[in-house]
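First the structure, in the form of structure tokens, and then the observations on it.
Where a number appears in this text, it was derived from the coordinates with a stated rule and is not lab data. The model shown is predicted, which means the values in this text are computed figures rather than measured ones. Positions of Cβ are generated from backbone atoms using ideal geometry, with glycine treated the same way; all protein chains shown enter the neighbour counts.
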Amino acid sequence: MLPLIAGIGFGLMTAPACAQADPRPDPGVAITPRPAQVQLTGQDFHLPATLVLSVSEGDPAARATATYLRAALQAQLHRPVAIGSGGAIRLERVSDPMPAEGYRLSVTPQGITLRAQGDAGLFYAAVTLSQILEPPTNRAAGDPAQVPGMEITDAPRFGWRGVMLDSARHYQSPEWIRRFIDEMARHKLNILHWHLTDDQAWRLEIRRYPRLAEVGGWRVEAGEHRVSGGIYTQAQVRALVAYAAVRHVTILPEIEMPGHATAALAAYPDLSAGAAPRVPASGWGVYPNLFKPLPATLKVLEDILDEVTDLFPSRFIHIGGDEAVKDAWKSSPEVQAQIRALGLKDETALQAWMVRQMAAHLDSRGRRLMGWDEILNDDLPPSAAVMSWHGVAAGRSAARAGHDAVLSPVLPLYLDYRQGDAPEDGPGRGVFPLKLVYDFDPDTNGLDPAAAAHVLGVQANIWTELLRSEARVEAAAFPRLAALAEVAWTPAERRDWSDFLDRLPGQLAAYHRRGIGASNSALRVRLKSDPGLAGRAIVTLSTQAHLGTLRYTLDGSQPRPDSKRFALPIDAALPVRVRAAAFRDDMKLPGELDEVIESPVGADGMPLRLSLCTSGLALSLESQAGPVVRVDSRNPCWQTPEVAMDGAAALRLSLVSLPYNFELGEEAAGIALDPSLGAGGRMEVHLDRCDGPVVAALSLGDPARSLRQPIRMPLATTTGRHSLCLQVRRSTPGPFWALEQASLLAVGGMKNPPVP
């Protein structure tokens, strides 16, 4: 993202004469992913008022890249850009050998030259130039600009630089997917793995089997009684494939089999092994519904793959193959007869046989099969490739066995995990911060050269069970996809977290200019407040990435570069308004804090920090009321830090209703339910431990009838410092209450408890 010189922004800035002595790796060059080689020359180029891109008349691919670059520069620089001859920016072909997707970019006083042998290399040179010319936030549009003189020689570390987009669990519009492809291209990511089918939906129009989309494209959201969905027509798909191709992005379709097939089997019940589902799945998790691996079913799947290959020119077709629970096959007489007829050992061998049939069919169409790492076995056809999600070990094993492999481990490349632990970080699973993604090392040094050559590259996956909107997907994806891009493109020895972090503010500013709702979690100022003396709080400020200097005010004024620097915890009288921001020199970084900590004797009470008592199924879920809450659905229970209880009169709680929209399978039977508690269950407050004395209890309303429930719970008289355990006891497995906020209320002044 951005070495910070003369303001933040992607990079149009003056390179001083002493730039070569700058301790940062490429001073003045803010390009993400970081190029393989950059040499600053000190011979700068001044942009003319009108830019002309020169391209050969007989090179349509180069002209397409020039058209892309013209649109990008006009949007960035707000000045005329033309395509012609004799211009200051030249797109040229070279005959000497260059690495695949490689390019050279030169900035001299006479102009800027982009050189490449291949089409993709020329395009990526244009992407790099667009980043170099991205205006800093402190330069007015159209002002004269100076481009640092440089020589860039660049090529990617891996050929496969992918992102999986799950459009099955929640639908994204074709218009939004185009914008997503645009961002992929700007990050030099080149594979969009499109997850089109699953238990919850079948999104792709298949003309020979129209009910797949007609039935499978829509479902009732679990616990919400509303229909959601959408489908992609073949015309829309062809348009997206063509749009992506111009940006050198290949769309890889995924058609799940034999599992994750509930939506398809609801449309065509005869394909089901065992009882067919009536409707697409509404909840999340692993379902037992499988395609029946008999000749008639395989013929249908081959017909489907024929239409898929007609739509998508990708080298690989992904058939899933993961999480196929074999219970339905075990109990099906037809399937058991098939196992015996084929002379197979068991159901696992039957799935391997089915994969071989699909691989052979795709081979006959000039394509290759790819699947999740569950397909890896000794009988996997040599042409089949493996996508490793259970860590990197399966990918390495596949490579050693001679199979092409893509490394896509859950940790840290599943982007449905959150970027931080605050409500602003949205819904999701655990926390995979930006640095965790950046630090991923797809090290192939432990493999012999033949095996290492089979590691095609890396891929991040964006599952959307909990990301219900396009905005949520954007915030989950960016800027972590910038970190992934650097992992996939930049040579290992050139990657540098500090340098990447320097570029981050400019990257976030560029996202904002393009209307991309990227997360600022890495830079956001966080506040931790622990009760201290009566009517006071001990306040700690921090940021995830530790970039810049934290400065704060307590009087409501905006923090400035000369505001008080945060060094030690703040002892603040309550109520207090804390405003804070990180600064680099005189520049305020994104993620400013503005938060009020109330007094316990005020009308709203003093907010209490909440953490989960247990983490059996810990998720951050987006309630129908709007707020994102952290909850363990197996045990909805929250713990507070120790707090002064002298004079405490009551708790003020804000509860939100959550649908039971996640699958526990057999573990659901382990949820403690007490039907005698009534439809809404009961909130209990225990002292110190969750099996400690009950100091407050209250019956709750029915969560199926309202989205929110504010309550006030009187507390038994207590003295000293104690933590509180706030537990929702449930009566049904259906919608249940989750705790959004808790505040402590006091009557009059609180006595002075011991200092913690």
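Take the range 596-741, drop everything but the C-alpha atoms, weight them equally and run the Debye formula without solvent; then report log10 I(q)/I(0) at 0.14, 0.17, 0.22 Å⁻¹ to two decimals.
Once normalised to I(0) and log-transformed, intensities are -0.65, -0.96, -1.55.
Can you spot the lysines whose alpha carbon is less than 26 Å from residue 330's alpha carbon? Ignore those fewer than 8 places along the same chain.
292, 299, 345
Which of the aspartates and glutamates could a cross-linker span from residue 564 if the Cα-Cα distance has to be under 13 Å and same-chain partners fewer than 8 positions apart are dropped?
555
Indicate the gyration tensor shape class of the range 41-82 (rounded, prolate or oblate), computed on the Cα atoms with a ≥ b ≥ c the square roots of the eigenvalues: a/c under 1.5 is rounded; otherwise a/b larger than b/c is prolate and the rest oblate.
Oblate, since a/c reaches 1.5 and b/c is not below a/b.
Shape verdict for the range 461-513, please, from the Cα gyration tensor: rounded (a/c under 1.5), prolate (a/b greater than b/c) or oblate.
oblate
Taking only DSSP H segments of four or more residues, each worth -39500 (n - 2.57), what value at 222 nm results for the chain once the sum is divided by all its residues, to the nearest 500 deg cm²/dmol?
Estimated from H runs of four or more residues: -7000 deg cm²/dmol.
With N residues in the range 404-524, what two-decimal value do you get for its Cα radius of gyration over 2.2 N^0.38 Å?
Rg over 2.2 N^0.38 Å, computed on Cα atoms: 1.10.
Please compute the contact order of the range 533-577 in relative form: average sequence separation of alpha-carbon pairs under 8 Å and at least six residues apart, divided by the residue count, as a percent.
Dividing the mean separation by the residue count of the range 533-577 yields 51 percent.
Take the Cα pairs of the range 366-433, get the Kirkwood Rh, then feed it into Stokes-Einstein at 10 °C and 1.306 mPa s and tell me D in µm²/s.
120
Just the ratio, please: alpha-carbon radius of gyration of the range 204-244 over 2.2 N^0.38 Å, N its number of residues.
It is 1.42.
Relative contact order for the range 606-746: what percent, with Cα pairs under 8 Å and sequence separation of 6 or more?
Reported as a whole number, the value is 38 percent.
In what sequence do 248, 187 fall when counting other Cβ within 10 Å, fewest first?
248, 187
Across every pair of different alpha-carbon atoms, what Kirkwood hydrodynamic radius in Å does the chain reach?
Every distinct Cα pair counted, the radius reaches 28.6 Å.
Looking at the range 52-143, which GluC sites (Glu not before Pro) are DSSP coil and have at most 12 other C-beta atoms within 10 Å of their C-beta?
57
For the range 466-618, what does the convex hull of the Cα positions come to per residue, in cubic angstrom?
182
Shape call for the range 338-386 from the C-alpha gyration tensor, a ≥ b ≥ c root eigenvalues: rounded (a/c under 1.5), prolate (a/b greater than b/c) or oblate?
oblate
In the range 179-219, which trypsin sites (Lys or Arg not before Pro) are in a loop and have at most 14 other Cβ atoms within 10 Å, using DSSP for the loop call?
Listed in order of number, the matching sites are 207, 208.
Return the Cα extents of the range 222-271 along principal axes one, two and three, sorted largest first, each rounded to a whole Å.
40, 28, 18
Kirkwood Rh and Cα-based Rg: tell me the resulting Rg over Rh for the range 607-693, rounded to two decimals.
Reported Rg/Rh (Cα atoms, Kirkwood Rh): 0.96.
Taking a cut-off of 27 Å between Cα atoms, list the lysines near residue 435, but don't count ones fewer than 8 places away on the same chain.
Reachable lysines: 188, 528, 588.
Two decimals is fine: what is log10 I(q)/I(0) at q = 0.16, 0.17, 0.25, 0.28 Å⁻¹ for the range 526-597, from a Debye sum with one equal scatterer on every Cα and no solvent?
-0.50, -0.57, -1.14, -1.37
Rank the residues 643, 747 as a footprinting-exposure proxy: fewest other Cβ atoms within 10 Å of their Cβ go first.
747, 643
Please report the base-10 log of the normalised intensity I(q)/I(0) for the range 19-154, using a Debye sum with one equal scatterer per alpha carbon and no solvent, at each q in 0.09, 0.15 (1/Å).
-0.24, -0.69
Could you line up 202, 463, 176, 284 from fewest to most neighbouring Cβ atoms inside 10 Å?
Listed from fewest to most nearby Cβ atoms, that is 176, 284, 463, 202.
Counting pairwise Cα distances across the range 278-401, what percent come out greater than 21 angstrom?
Every Cα pair in the range 278-401 considered, those over 21 Å come to 45 percent.
Below 8 Å, C-alpha to C-alpha, sequence gap of six or more: please give me the relative contact order for the chain in percent.
Computed over the chain, the figure is 10 percent.
For the range 160-491, state what percent of all Cα-Cα pairs lands in each successive 10 Å bin, counting from 0 Å until the bin that includes the largest distance.
P(r) for the range 160-491, in whole percents per bin: 6, 26, 36, 25, 7, 0.
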